[in-house]
Amino acid sequence: MILIDGDIIAYRHAYSAESRDLSEADMKVNIDEMVDYVAGRNAFGGDLSGCKFFLTGKTNFRNDIATIKPYKGHRKKEKPPLLSAAREYLAEEYDATYSDNQEADDDIAIMAASLDYKCTIASIDKDFLQVPCRHYNWNKDSHVQVTHDEGMYFFYTQMLTGDTADNIRGVPKIGPKKAEKILDGITDELGLYEAVSEMYDSIEEMVENGRLLWLRRYEGEMWGVP
């Protein structure tokens, strides 16, 4: 099964329509072309019965637990005019489902876990690389298989570096190269946790960042100390 990040498709084509002064009808045609491309590149030959589309709903628990910095608080509040139309089109034509008090990313990771990770996540969002399954990036037209250990390593790397796209600070003055040195040679989760926890000033801050960064694998899950 292909689990498709509808948020990226909706935002990309809504912004594109605005910048190119395209009509709503033209935008929908472009969405159809993108969907056909993603499905075709994943050996479905245009058959969308093996595809599931996801959209983020109106509420997100991360907004309630973020105390260090507002979650995604640096992003522009103004949305492209056709974003709602793009999302509605994905819901009506492709049966995209909206998340409830979490992100589409969580819904995708939860479904991946329910499938025992025997699926492909289609997105350009690097945050999904913590999920141990096959990944398709349509920008790069690339497939990557992520193992359990690789996914855990990616998550703990983000715990150090933070995620500027989501306004998550991480540990000050630690970037990707320094994080790589800190985690070098560590393969088990407990070892990764211990190495990362030494970099934080408080366990409370680490837990908050972990809960903001972790993609849920079951409903209501909140990341905690392993």
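The values are calculated or read from the model by the stated rules, or taken from the named source; none is laboratory data. Since the structure is predicted, the reported quantities are computational estimates derived from the model, not experimental observations. Virtual Cβ from ideal backbone geometry, glycine too; neighbours counted across all protein chains shown.
Given the condition assigned to a loop (DSSP other than H, G, I, E, B), in contact (Cβ under 8 Å) with a residue 40 or more places away in the chain and loosely packed, with under 14 Cβ neighbours inside 10 Å, answer yes or no: does some residue in the range 143-160 qualify? Give the derivation first.
First, the residues of the range 143-160 that are assigned to a loop (DSSP other than H, G, I, E, B): 146-147.
Still in the list and also in contact (Cβ under 8 Å) with a residue 40 or more places away in the chain: none.
Checked against the condition, which is being assigned to a loop (DSSP other than H, G, I, E, B), in contact (Cβ under 8 Å) with a residue 40 or more places away in the chain and loosely packed, with under 14 Cβ neighbours inside 10 Å, the range 143-160 yields no hits at all.
Counting only residues that are modelled with pLDDT under 95 and assigned to a loop (DSSP other than H, G, I, E, B), the range 163-172 holds 4 of them. The single condition among (1) outside any helix (DSSP H, G or I); (2) over 28 Å from Thr120 (Cβ atoms) that Gly220 does not meet is (2). Considering the conditions (1) surrounded by 14 or more Cβ atoms within 10 Å (Cβ to Cβ); (2) of a type outside the set (Lys, Arg); (3) without any contact (Cβ under 8 Å) to a residue 40 or more places away in the chain, Ser114 is excluded by exactly one of them, (1).
Against the numbered list (1) of a type outside the set (D, E, K, R); (2) farther than 25 Å from Phe61 by Cβ; (3) touching a helix residue (DSSP H, G or I) at 6+ places or on another chain (Cβ under 9 Å); (4) part of a helix (DSSP H, G or I), Ile186 comes up short only at (4).
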